[in-house]
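Remarks on the structure that follows.
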Amino acid sequence: MDKLIVEGGQSLAGVVRVSGAKNAVLPLMAASILTDDILVLTNVPNLGDVRTMGRLLRHMGGQAALYPQIGGGEVKEEAVISMGSLSKPEAPHELVKTMRASALVLGPLLARHGRAKVSLPGGCAIGVRPMDLHLKALSQMGAEFDLSGGDIVGRAPDGGLQGANLRFETVTVTGTENVMMAAVVAKGRTVIANAAREPEVTDTARALIAMGANIEGLDTDTLVIDGVESLNGAVHRVIADRIEAGTLLAAVALAGGRCRVIGAPVGEMATVLDKLSEAGAKIEISRDSAAGTGGGEVTRCPYDAADLVVEVEPGGLTATGITTGPHPGFPTDMQAQFMAMMTTARGTSIITETIFENRFMHVAELRRLGADITLEGRSAVIKGVSGLSGAPMTASDLRASASLILAAMAAKGVSEIFRVYHLDRGYDGLDAKLINLGANIKRVPVK
């Protein structure tokens, strides 16, 4: 197990590239279960969760070759997956206890193999993320479920899953993905109302369409899916990670400096870019137009990636409030990083978390640095302080890990951050990228 030692006070400068999206690649890997053919994913980030999903697919009897070397020691950002030999439609606890995305194999297994045994998933301890929304929707398609020893045991009817008119009571990203993957090879038409609109859902739908699925309503809250007999293989490029891009921008905003972030999915980051601009960051988008220079609204750009240049004078942030919400609202996965930004901003900001009820566990650790944060129900009131001081901290979850690193980079003195294995689950070398921009960060084993 490693820890990070961060010496604060360095501004950032340089160029950094955004990796493929964690929240997109995992459902894409699960989608490989739906075909006997080979699914090739490119722009695959090097993450702990990707490796765990690869082990899970191999446990089922499939083949999943991740990150092959292509000569000269260079590693290709690619996954080549073949699930034609799947023999064990199960996801055991020992493989999925650290990864919420393991739930995504349930729908594909039921749709294509008629049965599934999936351990209740683990992941970050940021609140209740119930499977009941998944199970209720799949039950309406004819599946039956039992809970036995912490496992969800599911069976499809003899004729296979049937299309249905479904409506999620609450917007759920993994629920939408799970049911969408089940529906593409179910009998008849499925309509998913109140579907999640996150870009990662759309990316999964685009891949399924490339595999032969019939899906309409992309980027809307209603998906219409006509089931097909079978899917073929495909080659699909994973979209860039909007959360990693936002985290890098927040790091520059908090530490100060000027950086170019290459390949950011700007078309899916409008809310984050607007809030960064409102807080005082100068943002330029290299393609099509744009620019917020503090207080200005950032021009919307297309779905594909572009470069962002962000510049912030040290101490140049102004307090700005946010409320998290489903896409296109402010993403809950950027809440902790934005809070770190606000700890030294001029004035008072209020951050309200509407997605997860327990996603303020980083507050106690930020206070250790001298942050002035008061919790009031599902809101945090942050009064900007003139400076932070280094201290030991412990990460509670993936995005909290990033927020603690950002705050430590802005603090005077040295900080130690423990339990950074959370970071490695979902960020592709974030500490190394920040080091290349000028941050003073060392990764050392915990004795």
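A single entry from ALA402, ALA371 fulfils the requirement of being of a type in the set (A, V, I, L, M) and out of contact with any strand residue (DSSP E or B) (no Cβ under 9 Å at 6 or more places or on another chain): ALA402.
If the condition is being β-branched (Val, Ile, Thr) and closer than 24 Å to THR174 by Cα, then region 50-103 contributes VAL50, THR52, VAL80, ILE81, VAL96, THR98.
The condition of being surrounded by fewer than 24 Cβ atoms within 10 Å (Cβ to Cβ), among the small types (Gly, Ala, Ser) and either closer than 16 Å to ALA31 by Cβ or modelled with pLDDT under 95 (or both) holds for only one of SER119, SER139, SER102, that being SER119.
Taking the criterion of being hydroxyl-bearing (Ser, Thr, Tyr) and farther than 25 Å from ALA24 by Cβ, the residues of region 391-447 that qualify are THR394, SER415. As a summary of the residue check, ALA156 satisfies the conditions (1) at pLDDT 90 or above; (2) surrounded by fewer than 23 Cβ atoms within 10 Å (Cβ to Cβ); (3) of a type in the set (A, V, I, L, M); (4) closer than 19 Å to MET60 by Cα except for the one numbered (2). Filtering region 83-120 to residues that are out of contact with any Pro (no Cβ under 9 Å at 6 or more places or on another chain), of a type in the set (Gly, Ala, Ser) and free of Cβ contacts under 8 Å to residues at least 60 places away in the same chain leaves GLY84, SER85, SER87. From the list VAL298, VAL309, exactly one residue is more than 28 Å from THR170 (Cα to Cα) and either modelled with pLDDT of 80 or more or in a helix (DSSP H, G or I) (or both). Which is it? Going through VAL298, VAL309 in turn, the sole match is VAL309.
So that you can scan it fast, the table gives a plain yes or no per residue for (1) under 30 Å from MET341 (Cβ atoms); (2) surrounded by fewer than 23 Cβ atoms within 10 Å (Cβ to Cβ):
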position: VAL184; (1), (2): no, no
position: ARG189; (1), (2): no, yes
position: ALA193; (1), (2): no, yes
position: ILE209; (1), (2): no, yes
position: ILE215; (1), (2): no, yes
position: VAL235; (1), (2): no, yes
position: ALA245; (1), (2): yes, no
position: LEU254; (1), (2): yes, no
position: GLY257; (1), (2): yes, yes
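Checked across region 408-427, the condition of being assigned to a helix (DSSP H, G or I), in contact (Cβ under 8 Å) with a residue 40 or more places away in the chain and aromatic (Phe, Trp, Tyr) holds for at least one residue.
Note on region 303-336: residues that are crowded, with 16+ Cβ neighbours inside 10 Å and charged (D, E, K, R) total 3. Each residue in region 318-347 was checked for being over 17 Å from GLY387 (Cβ atoms) and in a strand (DSSP E or B), and 4 pass.
Mind checking which residues of region 122-136 are at pLDDT below 90 and out of contact with any strand residue (DSSP E or B) (no Cβ under 9 Å at 6 or more places or on another chain)? Within region 122-136, GLY122, GLY123, CYS124, ALA125, ILE126, GLY127, VAL128, ARG129, PRO130, ASP132 meet the criteria.
Under 6 Å by Cβ, and 6 or more places apart or on different chains, what pairs join a residue from region 374-396 that is within 29 Å of ASP424 (Cβ to Cβ) with one that is surrounded by fewer than 20 Cβ atoms within 10 Å (Cβ to Cβ) and of a type in the set (Gly, Ala, Ser)? As it stands, the answer is LEU388/GLY370; SER389/GLY370; SER389/GLY413; GLY390/GLY413, since those pairs meet every condition given. Taking the criterion of being within 14 Å of the chain's Cα centre (by Cα) and among the β-branched types (Val, Ile, Thr), the residues of region 1-51 that qualify are VAL18, VAL25, VAL44, VAL50.
Can you find a residue that is under 25 Å from GLY212 (Cα atoms), in contact (Cβ under 8 Å) with a residue 40 or more places away in the chain, of a type in the set (Gly, Ala, Ser) and not assigned by TED's automatic domain parsing to the domain that holds ALA250 anywhere in region 57-79? The answer is yes, given that some residue of region 57-79 is under 25 Å from GLY212 (Cα atoms), in contact (Cβ under 8 Å) with a residue 40 or more places away in the chain, of a type in the set (Gly, Ala, Ser) and not assigned by TED's automatic domain parsing to the domain that holds ALA250.
It is to be established whether one or more residues within region 62-75 are under 28 Å from GLN162 (Cβ atoms) and surrounded by 19 or more Cβ atoms within 10 Å (Cβ to Cβ). Yes - at least one qualifying residue is present in region 62-75.
Being crowded, with 23+ Cβ neighbours inside 10 Å and either of a type in the set (A, V, I, L, M, F, W, C) or under 23 Å from the mean Cα position of the chain (by Cα) (or both) is a property that ALA364 lacks. Residues of region 304-323 include at least one that is within 21 Å of the chain's Cα centre (by Cα) and acidic (Asp, Glu).
Per-residue answers, yes or no, for (1) in a helix (DSSP H, G or I); (2) of a type in the set (A, V, I, L, M); (3) at pLDDT 95 or above:
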{"residue": "VAL6", "(1), (2), (3)": "no, yes, yes"}
{"residue": "GLY14", "(1), (2), (3)": "no, no, yes"}
{"residue": "ALA30", "(1), (2), (3)": "yes, yes, yes"}
{"residue": "ASP36", "(1), (2), (3)": "no, no, yes"}
{"residue": "LEU39", "(1), (2), (3)": "no, yes, yes"}
{"residue": "VAL44", "(1), (2), (3)": "no, yes, yes"}
{"residue": "ASP49", "(1), (2), (3)": "yes, no, no"}
{"residue": "LEU57", "(1), (2), (3)": "yes, yes, yes"}
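A residue that is over 28 Å from GLY48 (Cα atoms) and hydrophobic (A, V, I, L, M, F, W, C) occurs nowhere in region 352-363. Could you please find all residues in region 204-237 being within 21 Å of GLU78 (Cα to Cα) and in contact with a strand residue (DSSP E or B) (Cβ under 8 Å, 6 or more places away or on another chain)? Matches in region 204-237: ALA205, ARG206, ALA207, LEU208, ILE209, ALA210, MET211, GLY233, ALA234, VAL235, HIS236, ARG237.
The values are calculated or read from the model by the stated rules, or taken from the named source; none is laboratory data. Since we're looking at a predicted model, the values are computed, not measured. A quick note on method: Cβ atoms are made from the backbone with ideal geometry, for glycine too, and the neighbour counts reach across all protein chains shown.
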